[in-house]
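Beneath this line is the structure, given in structure tokens, with notes to follow.
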Amino acid sequence: MLSLLFLNPPNEFHEPVGRDLIYGCWCHGKRVADMQLPPLHLLYLATILRELGGHRVRVLDALVQNLSLSAIAEQAKAFDAMVIHTSNTTFRYDLKVLAAVKAAKPGTISILTGPHPTVYPELVMQEGIVDLAVQGEAEDTLLELFGKLAGGDGLADVAGLVWRDRGKVVSNPRRPLRPNLDEWPFPDRSLVDSSLYYNPHSRRSPFTTALTSRGCVARCIFCTSPPFYHGKFRQRSAANVLAELKTLRDQGFREVLFRDESFTENRKRLRAICSGLIEQDLDLTWIANSRVGVLDEEDLRLMKRAGCFYLWVGVESGSQPVLDRLRKGITVEETREMFRMANKMGINIHAHLMFGNPGETKEDILQSIRFLMEIEPAAVDIGITTPFPGTPLFEQVKAKNPQIGDGSELQIDQVHNIAFFSRHYCELDEEFLENALLLAYRRFYLRPAYVLRYLRRIRSLRQLLNVVRAGFNLLLYLFRDRRN
Ligand code: SF4
């Protein structure tokens, strides 16, 4: 048995980062509303290593606890190995965290998982303080790895592992994805303090997150999910999901945020989950990501009865040519229809937009802003399109601009806020895009009619407090001094 620490590191800006998506597009969570979610990816790993591997585990969320490097290093001393999930935007700072831990206890085995080692295993292993790295989904690879380490066995046949054989970096063959996600235990939420987390859209507390599927059927060229999951979409059975939801309810949770790329993708499964929630009277409210063009009014009606009050949807643009270039696989008309249906049903619907897309013009951006006002989302967040390593968009940019390297020079405080790469594929300059972002936010949020409409939808004191906090952060973001 080994003692294993699963660490969610802080970042140098000491600000929230939405880092729990397993495939890993990390947003600068402070950007709009200060969201801070439990590190579900680490809860999965730790639970599986404890339940199926028999190891002693701890999850340390140093981000939400705002721990210093020395405090992390002190706590890490008690463990044989430490696992950090890293992305290209957090990699440089994560190395500093590793260095602090290694300085305090050089024998700690350091292991990196996540999109950065998945895309650049050799580069990651060039850093001497990284002992091992995992490519792709880490659960089964870590399970086998720690079994081998505990037994003193060799690592040559651990699929998915990147290691050193007498100083030479070796990338073992990639591990096939586990087909049946029902085989894994439910992540143990008691490994972190649920009261520390904050979702501005939450209606009830305590809330937690869940993941009922992995991957996506769509192929958007900017998204890291399809490459991370080999283009596969896997889902847990409705019965397995309902069993987890019942467990959560019995543990006292009253609300669930589903982190699936699209929780509603399989309508048959969706209806079975909703019917189960209603029949078992689980009394959970929930929020989920959905995809345009999938649901009809009947689905939405059932979802609402089952506790759904908020949907997040990737709208990306109000311009069809832009959507087509992104290979979004949806039409502007389908988006319009989805927002019409959700608003009619009284389900809050959140729009995610992106500016600075391939071939985008000023008129496209203005069209997107007009479209936003027309479809009337409950809330909106807008990012400047960022090509992440591993995505088709990154490869397009890199083919013409090899100087962007591995993308790790991009820091977390810049992602989606600052236009770095869009000059390679659209005519809009950085200043225009950054101003357009602020203009769109101001036009959308600072309308008295919008504020009144949103306030009318508030159903609980918890929701009111969350909205006040989110509104305060939004105003700080919109009006902070950007001259420096
Ligand atoms: S629909 Fe969403 S999750 Fe799926 S590929 Fe597109 S951006 Fe990624």
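The values are calculated or read from the model by the stated rules, or taken from the named source; none is laboratory data. Computed from a predicted structure; not experimentally measured. Glycine also receives a Cβ, built like all others from the backbone with ideal geometry; neighbour counts cover every protein chain displayed. Side chains are part of the model used for accessible areas, which takes the heavy atoms of the whole protein and leaves out ligands, DNA and RNA. Shrake-Rupley method; radii C 1.70, N 1.55, O 1.52, S 1.80 Å.
Some values worked out for this structure:
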quantity	calculated
Filter result for G252 (open to solvent by 30 Å² or more (accessible area, probe 1.4 Å) and more than 22 Å from the chain's Cα centre (by Cα))	yes
Qualifying residue in the range 295-309 (condition: within 16 Å of the ligand (Cβ to nearest atom) and in contact with a helix residue (DSSP H, G or I) (Cβ under 6 Å, 6 or more places away or on another chain))	no
Scan of the range 418-457 for residues that are open to solvent by less than 50 Å² (accessible area, probe 1.4 Å) and modelled with pLDDT of 85 or more, ordered by number	Y425, C426, L428, L433, A436, L437, L438, A440, Y441, F444, Y445, Y450
Evaluation of R271 against (1) part of a loop (DSSP other than H, G, I, E, B); (2) modelled with pLDDT of 95 or more; (3) basic (K, R) (one fails), failing number	(1)
Subset tally (residues that are more than 10 Å from the ligand (Cβ to nearest atom) and open to solvent by 10 Å² or more (accessible area, probe 1.4 Å)) for the range 209-226	1
Residue check, D165 over 20 Å from I48 (Cβ atoms) and either touching a Pro at 6+ places or on another chain (Cβ under 6 Å) or not assigned by TED's automatic domain parsing to the domain that holds Q235 (or both)	yes
Residues of the range 252-286 satisfying the condition of being away from the ligand (no atom under 16 Å from the Cβ) and under 15 Å from H350 (Cα atoms)	W286
Residue list for the range 83-114, restricted to those being hydrophobic (A, V, I, L, M, F, W, C) and touching a Lys or Arg at 6+ places or on another chain (Cβ under 9 Å)	V101, A104
Subset of the range 227-242 (residues that are within 14 Å of the ligand (Cβ to nearest atom) and of a type in the set (G, A, S))	G231
Set D324, D281: member being assigned by TED's automatic domain parsing to the domain that holds T209, without any contact (Cβ under 8 Å) to a residue 24 or more places away in the chain and part of a loop (DSSP other than H, G, I, E, B)	D281
Within the range 421-444, tally of residues that are under 24 Å from the mean Cα position of the chain (by Cα) and aromatic (F, W, Y)	2
Some residue of the range 175-195 being buried (at least 19 other Cβ atoms within 10 Å of the Cβ), in contact (Cβ under 8 Å) with a residue 24 or more places away in the chain and small (G, A, S)	no
Test set (1) in contact with an Asp or Glu (Cβ under 9 Å, 6 or more places away or on another chain); (2) away from the ligand (no atom under 16 Å from the Cβ) - N289 fails condition number	(2)
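For every residue, the table says whether it meets (1) in the same structural domain as R457 (by TED's automatic domain parsing); (2) over 23 Å from the mean Cα position of the chain (by Cα); (3) farther than 23 Å from E337 by Cα; (4) touching a residue at least 24 places away in the same chain (Cβ under 8 Å).
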| residue | (1), (2), (3), (4) |
| --- | --- |
| F355 | yes, no, no, yes |
| K362 | yes, yes, yes, yes |
| L366 | yes, yes, no, no |
| I375 | yes, yes, no, yes |
| A379 | yes, no, no, yes |
| G390 | no, no, yes, yes |
| L393 | no, no, yes, yes |
